[in-house]
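Have a look at the structure below, then the notes.
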């Protein structure tokens, strides 16, 4: 197995995938969602960053969501950095969005855990139909 040097120009998702002989399902879903983001047919590159993040969360909910009392838990560890890499934005931007959405009651986020509390409202954001606040 080839050594990966820090700063070698690969993302943490790619590095983890190379280090693990059989990546966990969460990593596979993240890589799949990330790959679709770069697909020309997806149109994500033309969306506002909040739409991209909302779409990514909804996709992960669809693929690995687990209903709980609080909402729909993305049922594998996911960091804000993972979401940033999936959506082509920065950790700061994702942190700011998730914090704002948490204040609005749309999501609940903890360390390596995201629960979508209001999927319909998140869908409105993803589609660019949310009311401006």
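Every number in this text was worked out from the coordinates using simple rules, so none of it is lab data. Bear in mind the structure is a predicted one, so any value in this text is a computation, not a measurement. Every residue, glycine as well, gets a Cβ built from its backbone with ideal geometry; the counts of neighbours run over all protein chains shown.
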Query - Residue among 50, 63 that is surrounded by 14 or more Cβ atoms within 10 Å (Cβ to Cβ) and in contact (Cβ under 8 Å) with a residue 60 or more places away in the chain - result: 50
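Per-residue answers, yes or no, for (1) within 14 Å of residue 54 (Cα to Cα); (2) over 12 Å from the mean Cα position of the chain (by Cα); (3) free of Cβ contacts under 8 Å to residues at least 24 places away in the same chain; (4) surrounded by fewer than 18 Cβ atoms within 10 Å (Cβ to Cβ):
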site: 74; (1), (2), (3), (4): yes, no, no, no
site: 84; (1), (2), (3), (4): yes, no, yes, no
site: 92; (1), (2), (3), (4): no, yes, yes, yes
site: 103; (1), (2), (3), (4): no, yes, yes, yes
site: 113; (1), (2), (3), (4): no, no, no, yes
site: 118; (1), (2), (3), (4): yes, yes, no, yes
site: 122; (1), (2), (3), (4): yes, yes, no, no
